[in-house]
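Have a look at the structure below before the remarks.
The values are calculated or read from the model by the stated rules, or taken from the named source; none is laboratory data. Since we're looking at a predicted model, the values are computed, not measured. All Cβ positions, even for glycine, are placed from backbone atoms using ideal geometry, and neighbour counts span all protein chains on display. Note: accessible area is taken over every heavy atom of the protein model, side chains too, but ligands, DNA and RNA are not part of it. Shrake-Rupley method; radii C 1.70, N 1.55, O 1.52, S 1.80 Å.
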Amino acid sequence: MIIDVHRHLIVKGTVQGHYIRGAQKSFVMMYNKTHGTHVSPRDFTEKVVRPWIDPTADNIIEEMDAAGVDKTVIFAVDYGLLFGEAAINAFDQNKLYADVAKRHEDRLIPFMAIDPRRPGALKHCEQAYHEWGMKGFKLHAGVGYMPDDPCCYWVYEKASEWNIPIMVHTGGAPSSTPALRWECSRPAYFATAAARYPEADFIFAHCGDIAWWQEAIQAAVWLPNVYVDLSLWQKPYKKWPKPRFYQWLRDIVDLAGADKIMFATDALYPNLMCPLAEWVQAFKNRDTDIEFSDEEIDLILGGTAQKVLGLENE
Ligand SMILES: [Zn+2]
């Protein structure tokens, strides 16, 4: 089974103007550097991103079918306390994700994106979990709290009690005004939280990104409840000589084990640099002499996620 554990919907009204005006400068820079193009930020938004607007996720299902992806975990990001509320507020965005996942029940798995400091957040998440069937949490501490701050403890307690994972952003963040706080997304801080709550499974999104991957892998080596996802690594895959990418993959498998590593995209933006089907093939049909066992690849592509998501019998 192939599972993408990290994807966002592209829906009007879910992203704040304050965020997107800064973020598009970062995303268009990455896009242009990958493709050797000179697309302007405005054209990037209008011509490259806009065609992907897909509020029902019907196009995502088509894309998954073509790439051979069985299931995808979807979630919003709760930026509201930093940038102001989007047209669709954070709680309503979670409901939207739950509804879209219900529309494609056996294919999409919804997580609740929450800033733990929000008034009413616990009550909202109880409803999202019990009534809407949401299957995990998503935290982006870059909005301004430390991962091991007591404000987060209720999330870790509920994740332990409900036996659902917590997807946490680790790594860089785009330009924005006000700025996202990079230091809050360091894997080391989430490792401290994970050590404090051994019953909760933590998925370190982006495997720490290009500066902190060793820190993320170090956490996965030390802590039984820490996992990493490989979203955002499409760009190194595209830009590095292939042996370097596969040696890196071999190294993290040797250090942490394939049972700690999960295939992921963070679509949409990384998919604009490396389409979903190509990213799947990077693992299935590897252009390298560096060896991986079938078991390792099966774990990375879906086996590890099946276990963490409680889908072993599917
Ligand atoms: Zn993401």
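All conditions in (1) within 28 Å of Gln218 (Cβ to Cβ); (2) open to solvent by 10 Å² or more (accessible area, probe 1.4 Å); (3) aromatic (Phe, Trp, Tyr) hold for Tyr129, with the sole exception of (1). Once the range 194-210 is narrowed to residues that are open to solvent by less than 60 Å² (accessible area, probe 1.4 Å) and closer than 20 Å to Gly172 by Cβ, the residue that is nearest to the chain's Cα centre (by Cα) is Ala205. Taking the listed residues Ala216, Ala305, Ala211, the one that is assigned to a helix (DSSP H, G or I) and over 23 Å from Cys184 (Cα atoms) is Ala305, with no other qualifying. None of Val39, Val15 is within 16 Å of the ligand (Cβ to nearest atom) and out of contact with any Leu (no Cβ under 8 Å at 6 or more places or on another chain) except Val15. Ala179 meets all of the listed conditions (1) away from the ligand (no atom under 16 Å from the Cβ); (2) not in a loop (DSSP other than H, G, I, E, B) but one, namely (2).
Please verify whether the range 226-242 includes one or more residues that are away from the ligand (no atom under 16 Å from the Cβ), among the aliphatic types (A, V, I, L, M), buried (at least 24 other Cβ atoms within 10 Å of the Cβ) and at pLDDT 95 or above.
Kept after step one, since they are away from the ligand (no atom under 16 Å from the Cβ), are these residues of the range 226-242: 226, 236-242.
Imposing the further condition that a residue be among the aliphatic types (A, V, I, L, M) reduces the set to 226.
Checking the rest, the ones that are also buried (at least 24 other Cβ atoms within 10 Å of the Cβ) come to 226.
If we keep only those that are at pLDDT 95 or above as well, we get 226.
Among the residues of the range 226-242, at least one is away from the ligand (no atom under 16 Å from the Cβ), among the aliphatic types (A, V, I, L, M), buried (at least 24 other Cβ atoms within 10 Å of the Cβ) and at pLDDT 95 or above, which makes the answer yes.
Applying the condition of being within 16 Å of the ligand (Cβ to nearest atom) and touching a residue at least 40 places away in the same chain (Cβ under 8 Å) to the range 243-270 and asking which residue is nearest to the chain's Cα centre (by Cα) yields Asp266. Determine, yes or no, whether Leu311 is out of contact with any strand residue (DSSP E or B) (no Cβ under 9 Å at 6 or more places or on another chain), surrounded by fewer than 20 Cβ atoms within 10 Å (Cβ to Cβ) and of a type in the set (A, V, I, L, M, F, W, C). Here the answer is no, as Leu311 does not meet what is asked. For the range 154-173, give me the residue count where each residue is touching a Gly at 6+ places or on another chain (Cβ under 7 Å) and either closer than 17 Å to Thr265 by Cα or among the β-branched types (Val, Ile, Thr) (or both). Adding up the residues that qualify gives 7. Can you find even one residue in the range 44-51 that is part of a helix (DSSP H, G or I), away from the ligand (no atom under 14 Å from the Cβ), over 22 Å from Arg118 (Cβ atoms) and touching a strand residue (DSSP E or B) at 6+ places or on another chain (Cβ under 8 Å)? The answer is no; no qualifying residue exists. Per the listing Ile60, Ile3, Ile10, Ile74, the residue uniquely closer than 22 Å to Ala205 by Cα, open to solvent by less than 60 Å² (accessible area, probe 1.4 Å), touching a Gly at 6+ places or on another chain (Cβ under 7 Å) and within 16 Å of the ligand (Cβ to nearest atom) is Ile3.
Conditions (1) open to solvent by less than 10 Å² (accessible area, probe 1.4 Å); (2) in contact with a helix residue (DSSP H, G or I) (Cβ under 9 Å, 6 or more places away or on another chain); (3) within 16 Å of the ligand (Cβ to nearest atom); (4) of a type outside the set (D, E, K, R), marked per residue:
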{"position": "Tyr79", "(1), (2), (3), (4)": "no, yes, yes, yes"}
{"position": "Glu85", "(1), (2), (3), (4)": "no, no, no, no"}
{"position": "Glu105", "(1), (2), (3), (4)": "no, no, no, no"}
{"position": "Cys152", "(1), (2), (3), (4)": "yes, yes, no, yes"}
{"position": "Ser160", "(1), (2), (3), (4)": "no, no, no, yes"}
{"position": "Cys184", "(1), (2), (3), (4)": "yes, yes, yes, yes"}
{"position": "Tyr189", "(1), (2), (3), (4)": "no, yes, no, yes"}
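Condition check ((1) at pLDDT below 95; (2) open to solvent by less than 40 Å² (accessible area, probe 1.4 Å); (3) assigned to a loop (DSSP other than H, G, I, E, B)) across all residues:
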site	(1), (2), (3)
Val69	no, yes, yes
Lys95	no, no, no
Val100	no, yes, no
Ile109	no, yes, no
Gly133	no, yes, yes
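The numbered conditions (1) more than 16 Å from Ile3 (Cβ to Cβ); (2) without any contact (Cβ under 8 Å) to a residue 12 or more places away in the chain are all true for Glu312 except (1). When Asn89 is tested against (1) in contact (Cβ under 8 Å) with a residue 12 or more places away in the chain; (2) under 26 Å from Pro174 (Cβ atoms); (3) away from the ligand (no atom under 16 Å from the Cβ), just one condition goes unmet, and that condition is (1). Restricting attention to the range 167-176, the residues that are within 11 Å of the ligand (Cβ to nearest atom), without any contact (Cβ under 8 Å) to a residue 40 or more places away in the chain and closer than 19 Å to Val28 by Cα add up to 1.
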